[in-house]
Structures are given as structure tokens and as C-alpha cells.
Amino acid sequence: MGDMTARRFFRRPLRGRHVLIGMIAFFAVIFAVNGIMVFIALDTFTGVHTDDAYRSGRDYNQVIDAARSQADRGWNVTMTHEVTEGTLQLAVTFQDKVERPIEGLTVTAELWRPTHDGHDRELKLAPIGAGRYAGTTDLPLAGQWEIRLLAEGRDGVSHAQRKWILVRP
């Protein structure tokens, strides 16, 4: 009975030509899908990459040690921002463990746009008293920006912090 069903299903015998056409069609679909995926991947790649990824990976233990040291210092760092018509006003307050203001720091903020090269900014924050530092810069593009804050003291102590902000059009 199974043989009769197979005969009705395959009215013509399967020949080498049919197998060849089936294989060509199968691989044509595979190549077409891969081609579309490669085109989309290359079309959406922004070119953003990590400079010197090998060294960054190798030095990772130093980064972990620096983070532990920073946590042990117990600084309280408050970062506030306001964006008005593409202009960022950034203010940062530094306090030690017992909430005394930390003075004498050199504070720099790198404003990094992860999806577009060439729009990154560096902002030096000026001391305005009582452990507060502030600065203003323009942000030419709406969207996500990362603020990478770095504060360095005269004694070589440093503090690093990151914050993501959203700039609305």
C-alpha cells in the first residue's frame, strides 16, 4: 500500500536533472539570503571600533584594581546636567566619605557619541567652589551620549565615572 501512495505522489520518476535543479535552487536561496545579510551589515556599520583592543584587554586587571581603589576612597560624586537647544550644562559635585567638599581637582568630561564618529567632545570643568565643577558645550546631534568623567587630584588620585544622557531633538 505504501508503494501505491508513492507512485501516485511521484507521477514521474526522479531523475538526476530534478536533483540538480533542486540543489541549485537550494544554494541560490542560501546565497541570496547571505548576500542580503552582508549588505545590511555593511550598510549599517558605523565604523566605530575599539582602538588597540589587545592592549585594552591585557590591561583589564589594572582597570579592576583602579575601580576597587576608587570604591575604597568612598567619594560621593553627583553629576547633574541640563540640555537646552543643543547646549549641555554639566555640573559635578565631589565629596569625600564624611561629605566634605573635594577641592583642587582637574576635571574633564569626554562626551562620546557611540553611533557617529567625529562628534565627540572634550569639556574641561572649571571649579566654582565647595567641591563643585561646571562647564558648557554644544551637542550637535540628538540621541544617546555617554559622559566619561575623569577627575585627577594633585596627589595622583583619580576618579572615573560614566553617565548616559539622552538629548532630545
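The values are calculated or read from the model by the stated rules, or taken from the named source; none is laboratory data. These numbers were taken from a predicted model, which means no experiment stands behind them. With ideal geometry, Cβ positions are generated from the backbone for all residues, glycine too; neighbour counts draw on all protein chains shown.
Within the stretch 96-110, is even one residue modelled with pLDDT under 90 and under 22 Å from the mean Cα position of the chain (by Cα)? Scanning the stretch 96-110 turns up no residue that is modelled with pLDDT under 90 and under 22 Å from the mean Cα position of the chain (by Cα). Counting the residues of the stretch 152-169 that are over 13 Å from Phe94 (Cα atoms) and at pLDDT 85 or above gives 6. Among the residues of the stretch 86-127, those identified as β-branched (Val, Ile, Thr), under 30 Å from Arg73 (Cα atoms) and touching a residue at least 24 places away in the same chain (Cβ under 8 Å) are Val92, Thr93, Ile102, Thr106, Val107, Thr108.
There is no residue in the stretch 49-71 that is touching a residue at least 60 places away in the same chain (Cβ under 8 Å) and of a type in the set (Val, Ile, Thr).
The number of residues in the stretch 93-146 that are in a strand (DSSP E or B) and farther than 30 Å from Phe45 by Cβ comes to 17. Restricting the stretch 150-169 to residues that are assigned to a loop (DSSP other than H, G, I, E, B) and in contact (Cβ under 8 Å) with a residue 60 or more places away in the chain, which is surrounded by the most Cβ atoms within 10 Å (Cβ to Cβ)? Step by step, filter the stretch 150-169, then rank; the result is Val157.
Residues that are farther than 19 Å from Arg162 by Cα, among the β-branched types (Val, Ile, Thr) and either in contact with a Pro (Cβ under 9 Å, 6 or more places away or on another chain) or assigned to a helix (DSSP H, G or I) (or both) do not occur anywhere in the stretch 61-78. Could you list, in sequence order, the residues of the stretch 1-52 that are part of a loop (DSSP other than H, G, I, E, B), more than 30 Å from Asp117 (Cβ to Cβ) and at pLDDT below 80? Scanning the stretch 1-52 gives Met1, Phe10, Arg11, Arg12, Pro13, Leu14.
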